[in-house]
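Participant: First the structure, then my questions, so here it is.
Values quoted throughout were computed directly from the atomic coordinates according to the rules given, and no laboratory measurement underlies them. The structure presented is a predicted model; accordingly, all values stated were derived computationally and were not measured. Cβ coordinates were reconstructed from backbone atoms using ideal geometry, including for glycine residues, and neighbour counts include every protein chain displayed.
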Amino acid sequence: MKRYEMIVIGAGPAGLSAACAAAEAGMEVVVFDENAKPGGQLFKQIHKFFGSREHQARIRGVKIGENLLADAKKLGAKVVLGATVLGIYKNKEVSVRLEGEVRNYKADSLIIATGAAENMVRFDGWTKPGVMGAGAAQTLMNLHGIRPGKKILMVGSGNVGLVVAFQLLQAGCEVTAIVEAAPRVGGYGVHAAKVARTGVPLYTSHTITRALGADTVTGAVIAEVDGSFAPKPGTEKTLDVDTVCIAVGLSPMSQLADNAGCEMVYDGAKGGYVPVLDEDGETSLKGVYCAGDVCGIEEASTAMIQGKIAAAKAACELGYMSEGAFAQKAKGYRESLKKIRAGMFGPANKGRADIVATDEGYPLSQSLLKNGFIAERETADFPTFTYGGGTRVVIECTQNIPCDPCQDACPKGCIRVGADIALLPTLDASRACTGCGLCVGACSGQAIFLINDTLEDGHGTVGLPYEFLPLPQKGTSGKALDRSGRELCDAVVVDVRNSKAMDKTPMLVMKVPKIELGRARFFKVLEAATSGAEEGSVL
């Protein structure tokens, strides 16, 4: 029986981070993962991460995954794929099905990082081909280059539903609608806003009741729901779709922790049954740790930090790290966790519907919560929405989300977030914006726009983030869309900036009448200009 000082189960963000931290401390580490490719969800995540520099903010998940794998290889952590862990037994013995046979291993310390599984919702026709989890759609697109369908209905407006809906658009699919049973959007407002301004309608207090079609999906019926989430008769709408994506939450895959004999508890706020852990991620079994979504559903940034804490504690327990060194590392990791868990979407506020204002006292946009976009009448509530008198950035960030890449990106220090990264960005009026657009490309929520009202022909320009192919060229004519995705006015592309620092989030600059500078937020290419061109994401 082969013995390792550490066995990690799961090669996702938590598991790989743990393996790297343990290997760096000098431990012999093996990672078992049942999949054919390592990285967990990271290689599906082509969007930029939130948080601060220490959380790898503004770096795309796929790149973070590449970096973790490179670090694991460099540090000597062994990653074994196609390895299904069948059970965990006394004295940290692990049975693994590998290459058609069952092999047994012994661990001095064990980290369970098995992640989470998608939840499903039942409705008439939910088992038809064409109904799939949003994660499955993401796998088809971002790992295999396959469009899940042509016309998509997204069920669920949490971050997964909103992010995958945007990626479906990037892949050239039509997202017919997003439906959400709750009366408000579940995910970040900036995610909802970037989808809404492309023209995708979002129906809150609605659910799917039926998938149409005999052998595959040919349509979907949605309906409004009452306070008990029951469909209201007479409110049905039929949508022309060929695919239904389900994004109604995740549940921790904690079966192995339960199998091992760890003390378990049901915690609805964490997504289901989870192991009872101490502050270092150690279970009720000495030397057995858990990290990532198996402990409770959070972001990948949190999972990576949890993996590092657990690995550091294991290294300390096995004599690879002094107690003083561990205490210092753990303190830094916990401070980092506190930052990324701050804000109105943090664990302390999960499920709360009574938050009516930001930490700064600005009223929450009710239109954003209900419709996915900020109403024009609400923009006056936020000072960063104002413009005038030359070139200026407009920051349409209205919720306390832990994120600060905008302040790092600005070479002139015009944007300030401060030490509390969950506070809203502010603009320093004493510093002149040069119009470089680096903040537009850096914003993980694609919520920054560059306004210039100095043109003398009654027009101005709006610089906006644009992650679609074909990338419009200078002189391309089209329509400017407002925050709701409604056609606003004629527009023409006058510049496209796509520097390396923007990391594949080009800034498209469109010329529009000055009167529309405060409303024009997306550029729609005319049909004739796109005929025969390849669609997709700039990524």
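Participant: In terms of Cα to Cα distance under 21 Å, which lysines are near enough to LYS286, apart from those fewer than 8 places away along the same chain?
Facilitator: Partners within reach: LYS2, LYS90, LYS92, LYS106, LYS308, LYS313, LYS329.
Participant: Full-extension gain between GLU174 and ARG352, please, as 0.36 nm times their residue separation minus the C-alpha to C-alpha distance.
Facilitator: Taking GLU174 through ARG352 to full extension adds about 60.9 nm, to one decimal.
Participant: Next question. Where nothing but the Cβ of Lys and Arg (+1) and of Asp and Glu (-1) is charged, how large is the charge dipole of the stretch 58-200 around its Cα centre, in debye to the nearest 20?
Facilitator: 280 debye
Participant: Further, regarding this structure: What number, in percent, do you get for the relative contact order of the chain if the mean sequence gap of Cα pairs under 8 Å and at least 6 apart is divided by its residue count?
Facilitator: Once divided by the residue count of the chain, the mean separation gives 14 percent.
Participant: Among LEU464, LEU69, which comes first, second and so on when ranked by fewest other beta-carbon atoms within 10 Å?
Facilitator: By the 10 Å Cβ count, ascending, the order reads LEU69, LEU464.
Participant: Between the stretch 15-77 and the stretch 94-157, what's the alpha-carbon centroid distance in Å?
Facilitator: If you average the Cα positions of each part, the centres end up 19 Å apart.
Participant: Over the stretch 161-264, calculate the relative contact order: mean separation of alpha carbon pairs under 8 Å at least 6 apart, over the residue count, as a percent.
Facilitator: This gives 21 percent for the stretch 161-264.
Participant: Place +1 on the Cβ of every Lys and Arg and -1 on the Cβ of every Asp and Glu in the chain, take the dipole about the Cα centre, and give the residue among PRO425, LEU450, ILE111 whose Cα lies farthest towards its positive end.
Facilitator: Highest projection toward the positive end goes to LEU450.
Participant: Quick check on the chain: take the gyration tensor over C-alpha atoms, sort the square-rooted eigenvalues as a ≥ b ≥ c, and tell me if it's rounded (a/c under 1.5), prolate or oblate. Walk me through the numbers on the way to the answer.
Facilitator: On the way: a/c = 1.90, a/b = 1.47, b/c = 1.30.
In terms of gyration-tensor shape, prolate.
Participant: Any idea what the alpha-carbon Rg over 2.2 N^0.38 Å comes to for the stretch 120-248?
Facilitator: 0.96
Participant: In the chain, with Lys and Arg counted as +1 and Asp and Glu as -1 at Cβ, which of these residues, GLY281, THR84, GLY186, has the Cα nearest the positive end of the dipole, that is, farthest along it?
Facilitator: THR84
Participant: Each residue of the stretch 510-524 in turn: what ³J(HN,Hα) in whole Hz from Karplus with 6.51, -1.76, 1.60 and θ = phi - 60°, glycine and Pro shown as x?
Facilitator: 10, 9, 9, x, 4, 5, 9, 4, x, 10, 6, 9, 8, 10, 10
Participant: If r is the Cβ-Cβ distance from ILE515 to LEU86 and R0 is 60 Å, what FRET efficiency results, to the nearest 0.05?
Facilitator: In this case the efficiency is close to 0.35.
Participant: Taking square-rooted eigenvalues a ≥ b ≥ c of the alpha carbon gyration tensor, is the stretch 146-198 rounded, prolate or oblate, where a/c under 1.5 means rounded and, failing that, a/b exceeding b/c means prolate?
Facilitator: Numbers: a/c = 2.09, a/b = 1.58, b/c = 1.32.
Prolate.
Participant: Check each of the trypsin sites (Lys or Arg not before Pro) in the stretch 392-441 and keep only those in coil by DSSP with at most 13 other C-beta atoms within 10 angstrom; list them in order.
Facilitator: In loop regions of the stretch 392-441 (DSSP not H, G, I, E or B), the sparsely surrounded trypsin sites (Lys or Arg not before Pro) are LYS412, ARG431.
Participant: Counting Lys and Arg as +1 and Asp and Glu as -1, each charge on the Cβ, what is the dipole of the stretch 120-248 about the Cα centre in debye, to the nearest 20?
Facilitator: 240 debye
Participant: Moving on to the next point. For the chain, the longest stretch holding no GluC sites (Glu not before Pro) located in a DSSP loop with at most 12 other Cβ atoms within 10 Å is which?
Facilitator: The reported range is 100-262.
Participant: How many percent of DSSP beta bridges within the stretch 120-248 run antiparallel, rounded to 5? Before the final figure, lay out the partial values.
Facilitator: Details: 10 of 26 bridges.
Among the beta bridges of the stretch 120-248, antiparallel pairing accounts for roughly 40 percent.
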